[in-house]
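The values are calculated or read from the model by the stated rules, or taken from the named source; none is laboratory data. Since the model is a prediction, treat every value here as computed from it, not as a measurement. With ideal geometry, Cβ positions are generated from the backbone for all residues, glycine too; neighbour counts draw on all protein chains shown.
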Amino acid sequence: MVTSPAGIASTVINVKGLTNRFGQQVVHDHLDLEVRQREILGVVGGSGTGKSVLLRSLVGLHTPNEGTVEIFGQQLQSLNPSQRSALERRLGVLFQGGALFTSLTLLENVALPLIEHIKLSRSDAEHLARTKLALVGLPADSADKYPAMLSGGMVKRAALARALVLDPEILFLDEPTSGLDPIGAAAFDQLIVTLRNALGFTVFLVTHDLDTLYTACDRVAVLADRKVLITDTMARVEAVNNDWIKAYFHGPRGRKARTAANSEKEV
Ligand SMILES: Nc1ncnc2c1ncn2[C@@H]1O[C@H](COP(=O)(O)OP(=O)(O)OP(=O)(O)O)[C@@H](O)[C@H]1O
């Protein structure tokens, strides 16, 4: 994590008083959250607590009813369209399911943002796209395949390559390991950590995967009661006296994930 001379990590996302409503349903009620530079922040909470809506509010795909979202010190809602698109280029997003275009090859999928957003020629874009596919561990011959021809893990990696193609400073991941088997999920978690260490981006990661929380995240934010209940290290989050936290982290799956993460650290 990058720290200032005073030893305090700088904040890259600052959410204040965020309120999101759909009709009568209040999903977020004056929610606050800070994300620090270079950290991997895991966002967790029961189903329907608004994790995806939060992610969408941060990347500008959902306009909140109230509150402010500041990214790199710029308030999203106050930006004009060109400032907004300049900011959006500094963000990479991997949606649940990968969301690749099924009619395009992996290479075409990954090259597309380079052609559309920074107007690279097709050959330059494809050259760069090949390097990104290699970066996420895909074999060279996968470039000309269509998403339907690949395993779920390979599709996730290709979607990650596309999310990284403009060298984002913040990477947003929505349930990146859902649908992967445990070995594929663990490999994907490790890939995220390795890439963050090598490239230095910040990660905002929505997940239900306890193994991801224990092995990949520096801090965890728990969504409950329409707010962020706590944002802290796993050790401190586990100790909070809250019914959902107790059921989630101290249930059999939580215990298993914690034991596995501890034994990995000892190896
Ligand atoms: N566009 C929308 N219109 C109406 N309601 C919505 C919309 N988007 C989200 N919601 C509602 O907001 C609530 C939070 O949704 P969200 O998808 O953020 O939850 P989540 O915490 O990500 O859930 P899960 O863990 O099940 O994926 C849900 O009740 C959902 O139905």
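Here are some notes:
- Among (1) outside the structural domain of THR19 (by TED's automatic domain parsing); (2) at pLDDT 95 or above - the single one PHE72 does not satisfy: (1)
- In segment 46-61, of all residues being part of a helix (DSSP H, G or I) and buried (at least 20 other Cβ atoms within 10 Å of the Cβ), the one that is farthest from the ligand (Cβ to nearest atom) corresponds to LEU58.
- Residue tally, condition more than 16 Å from the ligand (Cβ to nearest atom) and either aromatic (Phe, Trp, Tyr) or closer than 30 Å to LYS119 by Cα (or both), over segment 153-188: 20
- If you go through segment 9-40 and keep only what is away from the ligand (no atom under 15 Å from the Cβ), aliphatic (A, V, I, L, M) and either surrounded by fewer than 22 Cβ atoms within 10 Å (Cβ to Cβ) or not assigned by TED's automatic domain parsing to the domain that holds ARG84 (or both), you end up with ALA9, ILE13.
Rundown of residues vs (1) on the phi < 0 side of the Ramachandran plot; (2) of a type in the set (S, T, N, Q); (3) surrounded by 24 or more Cβ atoms within 10 Å (Cβ to Cβ), yes/no style:
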| position | (1), (2), (3) |
| --- | --- |
| ARG196 | yes, no, no |
| PHE201 | yes, no, no |
| ASP211 | yes, no, no |
| ALA221 | yes, no, yes |
| ASP225 | no, no, no |
| MET234 | yes, no, no |
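- Hey, VAL206 free of Cβ contacts under 8 Å to residues at least 60 places away in the same chain, out of contact with any Pro (no Cβ under 7 Å at 6 or more places or on another chain) and among the β-branched types (Val, Ile, Thr) or not: no
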